[in-house]
Every structure is written in structure tokens, then in C-alpha cells.
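Peer 1: Let me begin by handing over the structure; questions about it come next.
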Amino acid sequence: MTLRWMFCSLLAVTQMLSAQSAPEQNATPGSSTLAGYSSQSSPVESGWEKRFQDGIVAANIRDNMQRLSARPHHVGSAYDKDNAEWILAKFKEWGLDARIETFNVLFPTPKERVVEMLAPTKFRAKLQEPILSVDPTSNQTAEQLPTYNAYSADGDVTAQLVYVNQGNREDYEELDRLGVSVKGAIVIARYGGGWRGIKPKVAAEHGAIGCIIYSDPRGDGYFHGDDYPTGGWRPRDGVQRGSVMDTDYPGDPLTPGVGATADAKRLDIKDAKTIQKVPVLPISYSDALPLLSALKGQIAPEAWRGSLPITYHVGPGPAQVHLKVASNWDLKPLYDVIGTLHGADDNQWVIRGNHHDAWVNGADDPISGQAPMMEEARMLGELHKQGWTPKRTIIYCAWDGEEPGLLGSVEWVETHLDELQKHAVLYINSDSNERGYFFPGGTQDLQTFISGVARDIQDPETRMTIFQRSHLVAISRAKTADARGDLRRRNDLVMEALGDGSDFTAFQDFAGISTLDVGFGGEDEGDQYHSIYDDFYWYTHFAVTDFSYGRALAQAAGTAMMRFADADLLPYNYAPQAEAIAKYETELEKLLKDKQEEFTERNLELQEGVFTATADPHKKSVPPPAETVPPYMNFAPMKNAIDLLKKSSDRYAKALSAWQGKGSPALSSQLLEPLNADLFRIPRLFLNDKGLPGRPWFKNQIYAPGAYTGYDAKPIAAVREYMDQKKWKEAEEQVPQVAEAVERVAAGISKAAEELETAVAHAQ
């Protein structure tokens, strides 16, 4: 599900990636051992890791992709089940204790789709991606899902058309300024600027009765390069399928918050909260061009204009459009493949996941991540045959149903929640994988850990480490001297928080498990996201031809799995997390100050008549509304809690340094066992049973997606979402609740620091 075009805006990520130009090492500076390992166990672990990395074979990853993407394999399809059974057989062949867990979930498929213009001219959209002779799997039409948006409402509507740019809340504020209403209209929005499901949600909130989403070539088409099949970019008839499920409750819409097992109590479809309220369909820019060309009214603002050879008008009309959507609302089976490599301690689990379902053939999304993950599992099984047994149990998960709404992973986590909260120490996710830079995201207690892993993996094209390359790219793209200086001073990769959009969501946001999301990207030569052309032919000609970055992903993620599974002391480091949370709080204070200044200035300009004076009398323009200037908010409880978090994190870091300063002697297993148990339960302390306001499924008080961002994280969402809605009193009321969660975490870290101090004091 993760958007490949996120790498086209890699600047936002790489400016957060940073490191010091220091010697390439995988432990804390001054230490010759791996983080979390004694001086005795570290060289043994390094030897096994080297054997693992050398054993990863790019050709195997290629073969895995060719097999898994050979036919369309969406939820409920024959090849989806066939793939799951093949993965199961491979897991067993490699020595994993493997099984398939099945869940029955609501998965609508299209029965009828119509987009037609009735006036001022007649036009009927094709709603079909054509077969290309050069692309050998594009002709599998009988097995392909048609172009549609899953979980659209059924509907048959006719109305004037209004262009709403990318259909975000800010775009509707601009429409208000233009004096344009979408009430009773059908809106057309271009892909990009946020998750697709936000577009019909916001449209319905403003009174629209239907939504059309099209792929403008400025986003992923000829604006960037030659289109397919000459180049790799989306062609004129390419369409992005995708779910528009409201993400307030990820997973099966009929069983929110509980696993979709045979005995689960299910909602009636009419009561399911995550189905959109208006009909929605995606179309190509070939189908969109006649509709947009027929619009009149005001010229669209410059930032709204795409790359089609037209003048972009907003409307409404005179284009009148008929939109019809009808779906088959069926329950479909999911096949999660779970492979376990039992460790010496079955009480602690290190979990790895990537989904295997796709909208069509899905070579890039998701098989470019699934194929390397399978190679990891093969090589770990091979090491096990050679005598290696991990200290902790390793679990490999090939998820089904990610594309419609994270169905397989959410239902599995909901079903096994109690076990996971007792045993899970880490979840590592991947999704699509291409050429370029390493971009880890996740909970920052793993920031130092994944930086150490990155120092040990070579970039296949530059031959520097993936750590060095991410660091240097970040410096090259920093816009100020201060930003570059900050990057150079840091000693590890600074991970961005995760929002939504892939299978890490349930682990981080619902179960409270430390989470990583890993992969490569940023040097794409095209994009066929959720199209029939995302297949083996396209991927091997325009994404990664030699599977070298698939090999690098397997090496990085597999090494991380081994290193965490075998560590004497679970290698968390809380100082980067405390730093990140402090930054999130500072951003809230800055947001408040900015809004106070913005609204004060706006109200003054309204009184002065600035907007009337600057408006073109020949064009309709409405001044913005006056705003109540936000009151001051009391962030003190959160600031005090973060101060405790910093102190406890510093105390734990000093205890780690004391151990490493002594040469990392072996610690008593009698002391390590309760310490490790306390450590991996610390992330659970961020959870609140009530969840976020209006979104009770999201339990984490620090990490969550925004209700109107989808993919993007909105840290401390309980406060931030209310601030975005200008509900300042409600926002302030959430501060103590967040502070309590941070205080719990601080206390948990302090307890762990005390235990580590005791263990170090007893170390020989």
C-alpha cells in the first residue's frame, strides 16, 4: 500500500536522516562490540551475520518475484491462495514451523461502474487499462480486478462537476475564498497530497454527492519522464486502484477491534463506520481530460494546475457528470502465512512481516519486499541447519489483505493481542522496495540499533555503506548551514515516526510494540502504483534490473532480525526517543504560536479591508472568515513528563555506557532475564485503553496517523488533531492524558536503568 512516489519527495525523509562522519562501526562510539552484546558474544554473532549476508542470493529474489507476481493475486482470488500455499511450502522446506491462519473479511468488488459526461458534450469513460503487446501479463484480463476504489459507497448520482485540486481540507478553504461550493456536486480530485480515502471523506463533509479521483501526469506520468512502455511512468490510460476505507478502524469493517475469527460478532454492513458515504471511482488522465476540459468558472490557483494540456478551471460545471458505483459486498478469505523459527527462549518473539496480496500482479507493491523477505527466511533456515539457534523465537509473517485496509495483519494482531503483548519484542516491516537510499522509520527506541545495522550493509551501487549514503544524501539536500551542521553532528540515523499505510500499524498503534519499517527508494525510473502494469516485466526494466537492492534489503532486515534475536541485552536506546518526543511537544507550542499570530493578523486585515482592496473586482472572491485567536494552552504537564523521560533515558544510557566502558563483560542471566522482560514491555506504557478521541482503536498516545493525513504520522495526535480543528479547549484537556503516558514510560525506563546498574555492578 505504501506509495512509491513518496520517494520523489525524498527530501522530507533524507533531511531527517543523519549521521556523523565517524568510523564505520556497529556499536556505541568507544565500544568494539555490538550494541546489546558482551565482548564474548559479539564476535560470535558477527560471524553468523557475515555468513547470513554472504548467503543472500539475488537470483533467488528474482525467482521469488517472478513466481509470486505471475498472475493477479488480490484478496479472494485463486492465485492469492495459491501464493499463500507456495509460501507455506517454502517456509516448511526451509525448516520453519509454518501454518496458514485464515480470516473471513468484508471485501467488496465492483459490479457496475459508470463515469459519463452528459453536458455540454457526451463522453463515456473507458475505465479500462489496455493490453500492451510488450507486457506479457497485461492480457490477464479475466483475473484482473477492474479499476475501482474498494469500500466506496454504492450510488447512482448526476450533478455538476467541481475540480477540488487534491481534495484536502485546505483545498476546500481555498474554494470558499473563490466562492465555490461543492454541495450537491460531484468533485474531481487529482491523486497526491495525501491518502486517497481522505478525498471522498472531506468531499462528503462539504456536501458533495460523489467523488472521482484521477492520475494527473504531474504526479506520476510524463511530467517526470517517458511514459510506459517507452519509459517507466504511468501511461495515459493507467489507473491507480486502491482502498478508500476510512482508517479510523483499520482491518475488517465488520469486526472493529477484534479478530475476524469464526466466532466473531459482526456488524451489519449498514453499521460499518469505515465505508465511505459517497460513491468514488478512480480514472486515468485520458478519461479525466474531457471532463476537466469541459469545466469553466474561475481559473484554478497556480498550485492546483497539473500537467495536462488544458487551462485548469474549477467550475462548477457546465460539465454535468453521471457517476454510478455498485459493488458485490462479499466475505472473502484471507491467508496469513506464519513461519516460526523457535529460539532457545520461546517467551520472546522477534517478528518480521511483508504482505503478499496485490491489487493486480503487484511486482513492486508488494512483491519487491515479499521476495527478499522470503530469501531472509531461507537463509536463516540454512543457518539453523548449520548449527545456529537464535536466543529468541523468530516469526516470519506473509500477510494477506493489506491492500484493502491492512486486513491480514490487523486481524492477526487483534486475535493474538494478549500473546503479543506478553512476548513480542520487535516488529520489522517492509513493503515496496526499489533503487536508492535506505529509509528506516519507526519508534525511536530502535534508532541507534538500526543505525548500527546500516553501518554493516553495503550499498550495491556506490559500494559505501547504506548508513554513509543516507547520511551524505541528507547533507546534500539540507537547505541551510544550520541544518547541515546538525546533520554532521549526529551519530545515527534519525527516524521519522510512522503513520499508516502498511502492516506496521497494528503493532505500533494498537499493540504497543517497538516497530521498524525498512526499505530502499528514491532513484525510481517510473511508477505503476496499483496498475495492471506493476508487473514483472515493468519492474525488471524500469525499477531494479539486477535485484541488488532486494539483496540489500534482505541483508539489512535479516541482520536486524538476527541481531535483535540474539542480543544478550535487548538493544533499545531511549535517548533518541526522548529527544523526538520533546521535539513533537515543541512543534505543538510552535503551532499554537503560529496560529495566534496568523489569526491576529488576519482579523486586523479584515478590519482594514485588505482583502477587499486586493481582490480583483472582475473575479468572484470571498474574504476569509474572522477567526477567534487561540488562547494560551498549558503544556506544563507534558513538558514536566518529558523532562522525567529525558532524565530516565539519560540514566539508562549512562548504565549502558558503564557496561560498555568495562569492555562489555557478560551479564548474569539471572539479572538479564527480568531486565529484558521489563524492557520490551516499556512501549506498551504509551498505550491508553480509551484510545484517541473519536478513534478508540488507536491506543498509542505518541505515535499515530492523522485522521486527515492517512499515510503521514501526526505525533501526539490526541492534542494535535483538536488543534487542527481549532478546538483549543479540547486540545488542552488532552495534555494531561498524554503526560500520564509519558510519565509511565519514564518510570519504566528508570526501573530498567536501576536493574541494569545492578547487573553492571555485579559484572565480573
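Peer 1: Would you kindly work out the equivalent ellipsoid of the stretch 487-563 from its C-alpha gyration tensor and give its semi-axes, the square roots of five times the eigenvalues, largest first in whole Å? Before the final figure, lay out the partial values.
Peer 2: On the way: eigenvalues 143, 67, 40 Å².
Its equivalent ellipsoid spans semi-axes of 27, 18, 14 Å.
Peer 1: Quickly rank 482-495, 410-423, 197-210 as a protection proxy: mean count of other C-beta atoms within 10 Å, highest first. Could you put the intermediate results ahead of the total?
Peer 2: On the way: 482-495: 17.5, 410-423: 20.4, 197-210: 23.1.
Descending packing order for the listed peptides: 197-210, 410-423, 482-495.
Peer 1: Under 21 Å from the Cα of LYS126, which lysines turn up, not counting those fewer than eight places away in the same chain?
Peer 2: By straight Cα distance, LYS126 reaches LYS111, LYS324.
Peer 1: Sticking with this structure for a sec: What does the extension gain come out to for LEU591 and ASP176, with contour length at 0.36 nm per residue minus their alpha carbon separation? Could you put the intermediate results ahead of the total?
Peer 2: Numbers: separation 415, 0.36 × 415 = 149.40 nm, distance 2.32 nm.
Result: 147.1 nm gained on full extension.
Peer 1: While we're looking at this one, here's another question. If the cut-off is a Cα-Cα distance under 13 Å, which aspartates and glutamates reach LYS122, setting aside same-chain residues fewer than 8 apart in sequence?
Peer 2: Straight-distance partners of LYS122: ASP287.
Peer 1: Mind putting a number on the dipole of the chain about its Cα centre? Charges go on the C-beta only, +1 for Lys and Arg and -1 for Asp and Glu, and I need it in Debye to the nearest 20. Don't jump to the answer; show the numbers that get you there.
Peer 2: Details: 78 positive and 105 negative charges, 147 e Å.
About 700 debye.
Peer 1: In terms of modelled amide H atoms, which long-range or inter-chain residues lie less than 5 Å from the amide H of LEU118?
Peer 2: GLN320, VAL321, HIS322
Peer 1: To the nearest µm²/s, what D does Stokes-Einstein give for the stretch 636-764 at 20 °C and 1.002 mPa s, using the Kirkwood radius over alpha carbon pairs as Rh? Show your work: numbers first, answer last.
Peer 2: Numbers: Rh = 16.3 Å.
Rounded, D is 132 µm²/s.
Peer 1: Something else about it: What does the accessible area per residue of the stretch 498-542 come to in Å², with a 1.4 Å probe and no ligands, DNA or RNA counted?
Peer 2: 13
Peer 1: Given a Förster distance of 60 angstrom, what is the FRET efficiency for ALA582 paired with GLU112, based on the Cβ-Cβ distance and rounded to 0.05?
Peer 2: Numbers: r = 53 Å, r/R0 = 0.88.
Plugging the Cβ-Cβ distance into 1/(1 + (r/R0)^6) gives 0.70.
Peer 1: What is the gain in length, in nm to one decimal, between SER669 and LEU267 on full extension, counting 0.36 nm per residue of separation less the C-alpha to C-alpha distance?
Peer 2: Numbers: separation 402, 0.36 × 402 = 144.72 nm, distance 4.85 nm.
Net length gain for the segment: 139.9 nm.
Peer 1: How many angstrom lie between the Cα centre of the stretch 73-123 and the Cα centre of the stretch 198-267?
Peer 2: 15
Peer 1: Specify the inter-centroid distance of the stretch 488-519 and the stretch 624-693, based on alpha-carbon positions, in whole Å.
Peer 2: Cα centroid to Cα centroid, the span is 16 Å.
Peer 1: Return the inverse of the average 1/r over all pairs of distinct C-alpha atoms in the stretch 49-88, which is the Kirkwood hydrodynamic radius, in Å to one decimal. Don't skip to the end; give the middle numbers.
Peer 2: Values: mean 1/r = 0.0862 Å⁻¹.
Computed over the stretch 49-88, the radius equals 11.6 Å.
Peer 1: I need the shape label for the stretch 545-630. Rule: rounded when a/c is under 1.5, else prolate if a/b > b/c, else oblate, with a, b, c from the alpha carbon gyration tensor.
Peer 2: Values: a/c = 7.91, a/b = 2.31, b/c = 3.43.
Oblate.
Peer 1: Where does the stretch 424-577 land on Rg(C-alpha)/(2.2 N^0.38 Å)?
Peer 2: Values: Rg = 16.1 Å, N = 154, 2.2 N^0.38 = 14.9 Å.
Working it through for the stretch 424-577, the quotient is 1.08.
Peer 1: Students often check this: by mean Cβ neighbours within 10 Å, which of 328-338, 715-725, 457-467, 264-274 ranks highest, and how do the rest follow?
Peer 2: Put in order of decreasing packing, that is 715-725, 328-338, 457-467, 264-274.
Peer 1: Tell me, what ³J(HN,Hα) does each residue in the stretch 50-62 have, in order and in whole Hz, if you take phi through Karplus 6.51 cos²θ - 1.76 cosθ + 1.60 with θ = phi - 60° and put x for Gly and Pro?
Peer 2: Working through the residues one at a time gives 4, 5, 5, 4, 5, x, 6, 10, 4, 4, 5, 5, 4 Hz.
Peer 1: Tally Lys/Arg at +1 and Asp/Glu at -1 over every other residue whose Cβ is under 13 Å from the Cβ of GLU173; what's the total?
Peer 2: On the way: positive: ARG169, ARG177, ARG602, LYS726; negative: GLU170, ASP171, GLU174, ASP176, GLU205, GLU598, GLU627, ASP724.
Computed value for this residue: -4.
Peer 1: Can you pull the one-decimal nm distance between simple spin-label points at ALA119 and LEU606, each 7 Å off the Cα toward Cβ?
Peer 2: In this crude label model, ALA119 to LEU606 measures out at 3.7 nm.
Peer 1: Roughly what % antiparallel, to the nearest 5, for the DSSP beta bridges in the stretch 419-570? Before the final figure, lay out each step's value.
Peer 2: Details: 6 of 10 bridges.
Counting only bridges with both partners in the stretch 419-570, antiparallel ones make up about 60 percent.
Peer 1: Enumerate the calculated ³J(HN,Hα) couplings along the stretch 231-244 in order (Karplus 6.51 cos²θ - 1.76 cosθ + 1.60, θ = phi - 60°), each rounded to whole Hz, writing x wherever the residue is Gly or Pro.
Peer 2: x, x, 8, 4, x, 4, 9, x, 10, 8, 5, x, 7, 10
Peer 1: For GLN458 paired with GLU302, estimate the spin-label separation in nm (one decimal), with each label point 7 Å from Cα along the Cα-to-Cβ line.
Peer 2: Modelled inter-label distance: 4.8 nm.
Peer 1: Any chance you could list P(r) for the stretch 145-273, counting all Cα-Cα pairs in 5 angstrom bins from zero, rounded to whole %?
Peer 2: Pair shares across the bins are 2, 10, 16, 17, 17, 14, 11, 7, 4, 1, 0.
Peer 1: How much mean residue ellipticity at 222 nm does the chain get from its helices, if each DSSP H run of length 4 or more adds -39500 (n - 2.57) and you divide by all residues, to the nearest 500 deg cm²/dmol? Don't skip to the answer; put the middle values down first.
Peer 2: Details: 22 runs with 284 residues, N = 764.
When only DSSP H runs of four or more count, the value is -12000 deg cm²/dmol.
Peer 1: Please compute the length gained on full extension between HIS322 and THR628, using 0.36 nm multiplied by the number of residues separating them and subtracting their Cα-Cα distance. Spell out each step's value before the answer.
Peer 2: Working: separation 306, 0.36 × 306 = 110.16 nm, distance 4.06 nm.
Extra length available between HIS322 and THR628 comes to 106.1 nm.
Peer 1: Provide the per-residue ³J(HN,Hα) series for the stretch 715-720, in order, calculated from phi with Karplus coefficients 6.51, -1.76, 1.60 and θ = phi - 60°, each as a whole number of Hz, with x at glycine and proline positions.
Peer 2: Couplings: x, 6, 5, 4, 8, 5 Hz.
Peer 1: Counting only residues 5 or more places away or on other chains, whose amide H sits under 5 Å from the amide H of GLY242 once H atoms are built in the peptide plane?
Peer 2: Under 5 Å from the amide H of GLY242 lie the amide H atoms of TYR148, ALA150, each far enough along the sequence or on another chain.
Peer 1: Which order do the peptides 736-743, 613-620, 354-361 take when ranked by the mean count of other beta-carbon atoms within 10 Å per residue, highest first?
Peer 2: 354-361, 736-743, 613-620
Peer 1: Next question. On a 1.4 Å probe surface of the protein chains, which of ILE532, ILE131 comes out largest in accessible area, and what is the full order?
Peer 2: Working: ILE532 0, ILE131 95 Å².
Most to least solvent-accessible, the answer reads ILE131, ILE532.
Peer 1: To the nearest 0.05, how large is the calculated FRET efficiency for ALA636 and ALA658 if R₀ is 35 Å and r is the Cβ-Cβ distance? Don't skip to the end; give the middle numbers.
Peer 2: Details: r = 33 Å, r/R0 = 0.94.
Efficiency for this residue pair is about 0.60.
Peer 1: To continue, here is another question. Please report the orientation-averaged projected area of the chain, defined via the convex hull of its C-alpha atoms, in nm². Intermediate values should be presented prior to the final figure.
Peer 2: On the way: hull surface 124.5 nm².
Value for the chain: 31.1 nm².
Peer 1: Hey, which aspartates and glutamates would be in cross-link range of LYS385, C-alpha to C-alpha under 17 Å, not counting anything within fewer than 8 residues on its own chain?
Peer 2: Of all the aspartates and glutamates, those that pass the test against LYS385 - Cα under 17 Å, at least 8 places apart if same chain - are GLU45, GLU49, ASP54, GLU93, ASP97, GLU375, GLU376, ASP566.
The values are calculated or read from the model by the stated rules, or taken from the named source; none is laboratory data. Everything quoted here is computed from the prediction, not taken from an experiment. Virtual Cβ from ideal backbone geometry, glycine too; neighbours counted across all protein chains shown. When the accessible area is computed, the model is the full protein with side chains, heavy atoms only, and any ligands, DNA or RNA have been set aside. Shrake-Rupley method; radii C 1.70, N 1.55, O 1.52, S 1.80 Å.
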